[in-house]
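Take a look at the structure below.
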Amino acid sequence: MSTPLIELSGIERVFHLGDSQVHALQSITLSIAAGEYLAVMGPSGSGKSTLLNLLGLLDRPDAGSYRLAGRDVTTLSADEQARVRSERIGFVFQSFHLVPRLTAAENIALPMLLAGIAPAQRGLRVRQALRDYGLENRADHRPDQLSGGQRQRVAIARATIMRPAVVLADEPTGNLDRTTGEEVVRLLEELNRGGVTLIVVTHDGALGARARRQLLMQDGMLQQDRQSSSGSSPESCAPAT
Amino acid sequence: MRAGDLIRFARDAATGNRLRTCLLILAMAIGVAAVVVLTALADGARRYVLNQFSAIGSNLVIVLPGRSQTGGFNPGNAITSTPRDLTIDDAQALRRASAVYRVAPLAVGTSEISVGGRLREVMVAGTTTEFIAVRRLALAQGRFLPPGDWRRGVSEAVIGARIRDELFGRDEALGQLVRIGDRRFRVVGVLAATGQGLGMNTDELVIIPVALAQAMFNSNTLFRILVEASSREAIAPAKAQVTEILRLRHEGEQDVTIITQDAVLATFDRLLGTLTIAVAGIAAISLAVAGILVMNVMLVSVTQRTAEIGLLKALGATGATIRNAFLTEAAMLSLAGALLGLALGHAGAALIRQLYPAFPALPPDWAVLAGVATALATGLAFGVLPARRAARLDAVQALAKR
Ligand SMILES: Nc1ncnc2c1ncn2[C@@H]1O[C@H](COP(=O)(O)OP(=O)(O)O)[C@@H](O)[C@H]1O
Ligand SMILES: [Mg+2]
């Protein structure tokens, strides 16, 4: 096996609230290969979002190392991290996080705008994405003119427009009804089949079970790391190397 | 981020909140318009005064009795104590100077003029036939004082347009006898109306021969000697010659003040120029206020758009990109305000010119430039703090906010 895409070792994240300390992440050691489909599960407050933010370079660990594609990214400067985010990571949020004043097409183009990609190229890619996600006749609609499912499709199109290696989704179906949620999950799984590493935070057991690998978090610690192949789940508590 | 995209992004962000944007642009516009209109007024006043002085006559060298401290013109010296008389002989002596073209002595006092039971107080100017040419005055009717011996003079008077109207109404004034003081004069001319001017208002002036005026006021001294140099270049030599002649005539003592019109103009120019700058400075304060408003509005905007800032960071925006986006927005708002203010200011100045055609209310170029530059600079300067605050936001916390 070649070097894993993501390697965490001994990650600690401590929040200080006044005098008290919250150990949001404790000695997390984890390795994720390129192309994996991973669900992060656990009760509320167990550190799932904190882990995802860390993987997305939005947050820095207090201890431990994080290697992305063989490169230590914890020591990068803020600007270098921004660049890694731009090129390699796509985010999908529970509350969509679309810019309300921008149209669907403009929201999808936003990462390319920030990366300084030429307008002609942007137009091409946005049109393709609109087609891929069935949003052609919603291109000029603003978020408040879109349904929840359409909004999340716009958000997924935006997350993938830079062709990232990893897509991080924090409760992507949390604000959607069951059928719309399933549709969104299918889109994400489609991406994974295309080779994108997919990490989904969820506390929906059914949703988590669809992933080939499930992480169970508890009080900032990794409780279980189990590989499942279509329902049958050979459990392994040992942290991956 | 490309510059064009940055500008478009900032524009969309600005137009995203119409009311806020309009208020801010308006505040900036009022500041810039204030600079434009107020400097137009001040500079208009400066030009107006200069025009008035130019109207007095050109190439003028003015001699007044008494030594002024500065040697320059000082409005406080307009009435000076007289250590030694400035006489008609002095004035006549100046005619011999090579650089001097014309000389007009001037004695001034107040007296009463009456005709047919009507009586009023007037300013009486005693002078000679040269006066009308030196002061560039025009006659509406009749003729001016006749040439002749300065030390004598016939009992003839030229009256201002207003005096004519008040004393004679619709009747013919020319050839009429009037009583000025205790003497009778024949009206031989009426000055053309000039409207309100600086210093002496010729509309309310009565002009009589200088010798008679001195007799009337029982004084030997002149109020002024007006010397017209033979050309613009001759002003300096004329001044030197006049100085020398009078020094010799006054036993080597320099006891007169000689001012050239240039010096008067320069002094007024300086004085009123300073006023313009001061007014511009006061108007600029409103720009500073607008700048603080920019800061406030941008800070509110950063707070309102916290989640968006977090998102932009998640999508790969660097701190610099976010800072630039907010700075661009502040700059665009300021620029829009400045341009609107320019338009408003120019319109205001044009309106003033329309209402008062005699008053050249034009904003000076430097003030327009400075107004716009100050608007931009304050907008940017006060935009820096909010922009930096936005750039430094923690992405995770920003995203968590809604
Ligand atoms: N910025 C923060 N400051 C203080 N405590 C935090 C902060 N972010 C998260 N926490 C705490 O860290 C723990 C893990 O949070 P989180 O990762 O959001 O949990 P989850 O996503 O699993 O619900 C929680 O106890 C939460 O209160
Ligand atoms: Mg969470």
The simple spin-label model distance between A:Asn175 and A:Gln128, using points 7 Å out along Cα→Cβ, in nm, is 2.8 nm
Separation between Cα centres of segment A:1-70 and segment B:311-369, rounded to whole Å
49 Å
Regarding chain B, what whole-number volume in Å³ per residue does the convex hull of its Cα atoms give?
183 Å³
Please work out how much accessible surface B:Glu166 shows to a 1.4 Å probe, ignoring ligands, DNA and RNA, in Å² rounded to 10.
70 Å²
Accessible surface of chain B, 1.4 Å probe, proportion on carbon and sulfur as whole %:
58 percent
Using only Cα atoms and rounding to the nearest 10 degrees, what angle (0 to 90) does helix B:18-56 make with the longest principal axis of chain B?
20 degrees
In a Gaussian network model of chain B with springs linking alpha carbons closer than 10 Å, the residue among B:Gln304, B:Gln52, B:Gln141 that fluctuates most is B:Gln304
DSSP beta bridges in the protein assembly as shown: the antiparallel percent, rounded to 5, is 70 percent
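Given a 1.4 Å probe and no ligands, DNA or RNA in the count, how much accessible surface is buried by A and B, both sides, to the nearest 100 Å²?
On the way: alone 11720 and 19350 Å², together 28950 Å².
Buried surface at the A/B interface: approximately 2100 Å².
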Which whole-number percent of Cα pairs in chain A have a distance greater than 27 Å?
35 percent
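Divide, for segment B:213-353, the radius of gyration over alpha carbons by 2.2 N^0.38 Å, where N is the residue count. Walk me through the numbers on the way to the answer.
Numbers: Rg = 31.4 Å, N = 141, 2.2 N^0.38 = 14.4 Å.
Computed over Cα atoms of segment B:213-353, the ratio equals 2.18.
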For segment B:10-42 and segment B:224-250, compute the distance between their C-alpha centroids and round to whole Å.
55 Å
Segment B:302-341: which residues show an accessible-area loss of 30 Å² or more, assembly versus chain alone, 1.4 Å probe?
B:Glu308, B:Leu311, B:Leu312, B:Ala314, B:Leu315, B:Gly316, B:Thr318
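Counting only protein heavy atoms and a 1.4 Å probe, tell me what percentage of segment A:4-225's accessible area is made up of carbon and sulfur.
Within segment A:4-225, the accessible surface is 46 percent carbon and sulfur.
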What lysines sit close enough to A:Lys48 to cross-link, taking a C-alpha to C-alpha distance under 22 Å and skipping anything fewer than 8 places away on the same chain?
B:Lys313, B:Lys401
Among DSSP beta bridges whose residues both lie in segment A:4-225, state the antiparallel percentage, nearest 5.
55 percent
Can you compute the modelled spin-label distance between A:Arg163 and B:Asn220, with each label point 7 Å from Cα toward Cβ, in nm?
10.9 nm
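Taking only protein heavy atoms into account and a 1.4 Å probe, give the accessible area per residue of the protein assembly as shown in Å².
On the way: 28950 Å² over 643 residues.
About 45 Å² of surface per residue is accessible.
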Using alpha carbons only, how many degrees (0 to 90, rounded to 10) separate the axis of helix B:319-355 from the longest principal axis of chain B?
30 degrees
Hey, what angle do you get for helix A:104-115 against the long axis of chain A, alpha-carbon based, 0 to 90 degrees rounded to 10?
60 degrees
Tell me, which residues of segment A:78-102 get at least 50 Å² less accessible area when the other protein chains come in, versus the chain alone (1.4 Å probe)?
A:His97, A:Arg101
Taking the Cα-to-Cβ direction at B:Arg2 and at A:Glu189 and moving 7 Å from each Cα, how far apart do the two end points lie in nm?
3.9 nm
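Can you tell me the length gained on complete extension of the stretch B:Thr243 to B:Arg183, counting 0.36 nm per residue apart and subtracting the Cα distance?
On the way: separation 60, 0.36 × 60 = 21.60 nm, distance 3.57 nm.
Answer, rounded to one decimal: 18.0 nm.
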What does the convex hull of the Cα atoms come to per residue for the protein assembly as shown, in Å³?
248 Å³
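The values are calculated or read from the model by the stated rules, or taken from the named source; none is laboratory data. Computed from a predicted model, the values in this text were never measured in an experiment. Neighbour counts run over all protein chains shown; Cβ positions are idealised from the backbone, glycine included. The accessibility values were calculated without ligands, DNA or RNA, using every heavy atom of the protein model including side chains. Shrake-Rupley method; radii C 1.70, N 1.55, O 1.52, S 1.80 Å.
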